[in-house]
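The values are calculated or read from the model by the stated rules, or taken from the named source; none is laboratory data. None of the values given here were measured: they were computed from a predicted structure. Here the Cβ is made from the backbone with ideal geometry for all residues, glycine too, and neighbour counts use every protein chain on show.
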Amino acid sequence: MGVMQNNGEQSKGTKGVRGSTRNASRLKDFAKAGPASGADWGGCSPKRLQGVVTAITALGGAVTFGLSRDMGAHSLTLLLDGDRQTLWYNGGADLDSELESVISTLDAMV
């Protein structure tokens, strides 16, 4: 992107004001994948899911829960003060006990 001028306009020689010019194509490709099926975080104890959310937000951070595109692994991403750590668990992992470990670690950080 070019240098922004004081009036908010972009300098000459650039294609767009913001973002990628391929966003429409990327969204179209993303939609082809459809929703995931099979293993998901919904099988976990709601109390443990809530525990992770409560613990990380008490520290001022955030958490995302995901599933790999091939649906073979679960991901849990913790964000805190510019640090981002993604934890991966295989499809056969005991997610409830893994969440308990995450909660214990976060609680110890307070």
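Under 7 Å between Cβ atoms, which residue pairs at least 6 apart in sequence (or on different chains) link something in segment 91-110 that is loosely packed, with under 11 Cβ neighbours inside 10 Å with a partner that is part of a loop (DSSP other than H, G, I, E, B)?
Val110/Leu59
For segment 55-75, does any single residue satisfy the condition of being surrounded by 15 or more Cβ atoms within 10 Å (Cβ to Cβ), among the β-branched types (Val, Ile, Thr) and under 15 Å from the mean Cα position of the chain (by Cα)?
Yes: one or more hits.
Can you report the number of residues in segment 82-102 which are part of a helix (DSSP H, G or I) and not charged (D, E, K, R)? Spell out how you get there, then give the answer.
Restricting attention to segment 82-102, the residues satisfying the condition of being part of a helix (DSSP H, G or I) are 95-102.
When the remaining residues are screened for being not charged (D, E, K, R), the result is 95, 97, 99, 101-102.
Here the count works out to 5.
Please verify whether segment 58-79 includes one or more residues that are at pLDDT 95 or above and in a helix (DSSP H, G or I).
Within segment 58-79, one or more residues are at pLDDT 95 or above and in a helix (DSSP H, G or I).
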